[in-house]
Amino acid sequence: MFKKIFAAFAVSFVLLAASCSESEPYFVPEEEKLWKIYENDFLIGNIVNSTYLSGMHFQLLKTHYNAVTCENDMKPNYLAPARNSYTFSAADNMVNNMIANGMTVIGHTLVWHSQSPAWLTSGTNEQVRANLVKYITDVAGHFRGRIHAWDVVNEAFLYPFNVPITNDTEWKSGLRTAEQINWNKASTDEMTYIELAFRTARTADPGAILYYNDFDLNNPSKAKAVRNMVNDINTRWLAEQRETDPDYDRFLVEGVGLQTHYGLSWWNAGNFNNVKNNIENFLRLGIEVSITEMDITIPNNTSSMLDAQALVYAQLFDLYVRLNEQYDNRIKRVTMWGIDDNTSWRRGQFPCLFNENLQPKKAFYAVSNPQSFINRQ
Ligand code: G3I
């Protein structure tokens with residue numbers, strides 16, 4: 001069965017590669033498009049950057065994906081390199097182009113210690129707090145109505161994470177320290193900068209779904225700290241909302257993004273279970289989960305490595321589908337962090353579904369039909 005599907009896919013892609021040029025449309029039968037295959041499960045995303053806006057990259061993006069995240073262009077150092085002067089035009093063009101092509105657009109990211117200009121976190125604590133509120137108000141306000149979900153805060157917790165989290169309330173001890181992240185200056189005894197960021201984002205764009213995004217969340221202690229944070233912020237928020245509107249039960253932190261930058265050497269049965277348990281623990285909070293930056297590296301692109309990589313992709317997609325059946329379709333999106341091995345941020349480690357010549361790899365076919373791929377092993 002899988003061999004037949006594989007052969008059919010391979011033939012249509014070889015024909016495509018031979019016939020497709022920038023001026024000719026890239027044709028893939030509807031049922032072979034990734035977004036179509038997963039239409040009833042979750043959105044299938046990828047990143048967008050200036051390279052992906054034209055040529056074969058653009059064709060692949062439009063054909064297989066129905067959600068996009070700007071790889072860099074919506075980060076603070078791109079949007080606000082200097083105080084009081086926003087540079088929205090590149091991101092605006094990208095976002096508008098993607099929407100015109102029917103894509104769901106994810107905002108990435110409002111608050112992060114990296115790719116953020118120094119001016120945002122310079123000055124007194126009060127100034128930094130005011131900067132945080134103004135930046136989020138201006139940026140989320142600017143894109144309001146165009147962004148489906150925002151990564152409001154990215155990677156706020158320690159890495160490596162060695163803090164034992166032994167109860168259901170502790171999380172602040174796991175945050176990056178003041179030396180690592182200047183945004184801490186915006187925190188007060190009453191409210192961390194993280195909660196302030198979420199509250200500000202809700203006001204600036206009430207229609208956007210608000211996410212906390214991070215990596216290394218298969219570390220049980222770090223994941224527990226993030227769950228405790230989500231619970232803490234949401235509990236306080238819901239209590240306040242109920243005082244003013246008893247029917248109002250929308251969470252403030254509505255989703256957690258699991259980046260999912262994995263490597264083949266890390267993969268084994270124990271870590272498969274960690275991934276599964278971790279996703280389930282987040283889903284049990286009642287929030288949504290998205291896989292926000294998926295890629296799986298391999299040390300070389302020999303046939304056996306490509307096979308092994310494909311199997312990991314198949315096992316993960318199969319897991320996501322099965323968990324979704326169990327948890328009311330609350331895994332909302334799986335976004336790949338790169339179209340092809342040559343343009344990936346992990347170039348040289350062959351992490352994507354398409355190779356350096358933009359040809360589909362075994363991993364692509366594995367994602368297209370995980371069950372068949374797994375059964376074939
Ligand atoms: O814009 C400059 C360009 O002017 C210069 O010529 C060039 C020379 O190296 O560098 C360009 O900037 C680079 C930028 O990507 C755009 O290509 C930066 O050096 C480089 O550090 C930056 O890397 C990005 C990285 O975030 C920064 O942390 C990657 O593209 C991007 O894929 C990556 O994405 C992050 C997510 O946002 C958060 N999670 C982790 C993920 C991977 O690191």
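The values are calculated or read from the model by the stated rules, or taken from the named source; none is laboratory data. All values derive from a computational prediction rather than experimental measurement. Ideal geometry is used to build each Cβ from the backbone, glycine not excepted, and the neighbour counts take in all protein chains shown. Accessible surface is based on the protein model in full, side chains and every heavy atom, while ligands, DNA and RNA are left aside. Shrake-Rupley method; radii C 1.70, N 1.55, O 1.52, S 1.80 Å.
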Set ILE181, ILE194: member being crowded, with 20+ Cβ neighbours inside 10 Å and modelled with pLDDT under 95: ILE181
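Here is a yes/no grid of residues against (1) out of contact with any Cys (no Cβ under 8 Å at 6 or more places or on another chain); (2) within 16 Å of the ligand (Cβ to nearest atom); (3) of a type in the set (A, V, I, L, M); (4) at pLDDT 95 or above:
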residue: SER304; (1), (2), (3), (4): yes, no, no, yes
residue: VAL321; (1), (2), (3), (4): yes, no, yes, yes
residue: ASN329; (1), (2), (3), (4): yes, no, no, yes
residue: LYS361; (1), (2), (3), (4): no, no, no, yes
Residues satisfying the stated conditions in the range 33-48, i.e. surrounded by fewer than 20 Cβ atoms within 10 Å (Cβ to Cβ) and in contact (Cβ under 8 Å) with a residue 40 or more places away in the chain: ILE37, ASP41
Helices (runs of 4 or more DSSP H) lying entirely in the range 1-66 (those with 3 or more residues that are modelled with pLDDT of 95 or more): 34-37, 55-64
Enumeration of residues in the range 307-320 that are over 19 Å from the mean Cα position of the chain (by Cα) and open to solvent by less than 40 Å² (accessible area, probe 1.4 Å): ALA308, GLN309, ALA310
ASN278 in contact with an Asp or Glu (Cβ under 6 Å, 6 or more places away or on another chain), assigned to a helix (DSSP H, G or I) and either away from the ligand (no atom under 16 Å from the Cβ) or without any contact (Cβ under 8 Å) to a residue 12 or more places away in the chain (or both): no
Residue among VAL139, VAL128 that is within 16 Å of the ligand (Cβ to nearest atom) and among the β-branched types (Val, Ile, Thr): VAL139
Given (1) touching a Leu at 6+ places or on another chain (Cβ under 6 Å); (2) open to solvent by 10 Å² or more (accessible area, probe 1.4 Å), index of the condition ALA363 fails: (2)
Residue selected from the range 234-268 under the condition hydrophobic (A, V, I, L, M, F, W, C) and under 19 Å from LEU196 (Cα atoms), by the criterion surrounded by the fewest Cβ atoms within 10 Å (Cβ to Cβ): ALA239
